[in-house]
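The values are calculated or read from the model by the stated rules, or taken from the named source; none is laboratory data. Because the structure is predicted, anything quoted here is derived from the model rather than measured. Quick reminder, even Gly has a Cβ in these numbers, built from the backbone with ideal geometry, and neighbours come from all protein chains shown. Heavy atoms of the whole protein, side chains included, go into the accessibility calculation; ligands, DNA and RNA do not. Shrake-Rupley method; radii C 1.70, N 1.55, O 1.52, S 1.80 Å.
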Amino acid sequence: MSIDHIAWTPEPWLPYLAADYIRRVIKPTSVFEWGSGGSTVMFLVMLLDNDVDRLVSIEHDPSWHNRICGELERRSLEHPDYRLIRYQEGEIGPDKSDPTHYKSGSTELGPVNFYDYCSAIDNEPPFDLV
């Protein structure tokens, strides 16, 4: 089954109390997220409400990226910094538990690494919430 045929409600994959805590207590003005979805919608609404000044979202899956772009368009939300950063072919190292190897535990992808995806935050200014 294609990801495009899965019913989805854009809610953050966070406990409700955690999402509420982020909105009411942490009140981040700058947010970086690896992986997009319901939280992206939540943070964009906060951006529109002028609660968040800067949001950077990174996604590695082109199908999911397209799905989220469609959801954002459907909701008339524009994301100023939504990036698709795919994995790279070739392993940096064989041990997925070694963070310097940037290896996925997924066997579907084959010999790939996520160096660019994981390093996307390296040259960014500090964030209130990651």
Could you size up the charge dipole of the chain around its Cα centre, putting +1 on the beta carbon of Lys and Arg and -1 on that of Asp and Glu, and report it in debye to the nearest 20? 280
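Which order do the peptides 54-60, 100-106 take when ranked by the mean count of other beta-carbon atoms within 10 Å per residue, highest first? Don't jump to the answer; show the numbers that get you there.
Working: 54-60: 21.4, 100-106: 14.4.
Descending packing order for the listed peptides: 54-60, 100-106.
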Both in Å, the radius of gyration and Dmax of the C-alpha trace of the chain are 15.8, 45
Given bins 5 angstrom wide, list per bin the percent of all Cα-Cα distances in the stretch 49-125, short to long. 3, 14, 20, 20, 16, 13, 9, 5, 1
Taking the Cα-to-Cβ direction at ASN123 and at ASP20 and moving 7 Å from each Cα, how far apart do the two end points lie in nm? 4.2
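State the percentage of accessible surface on the chain attributable to carbon and sulfur atoms; use a 1.4 Å probe and exclude ligands, DNA and RNA. Don't skip to the end; give the middle numbers.
On the way: 4270 of 8200 Å².
Of all accessible area on the chain, carbon and sulfur atoms account for 52 percent.
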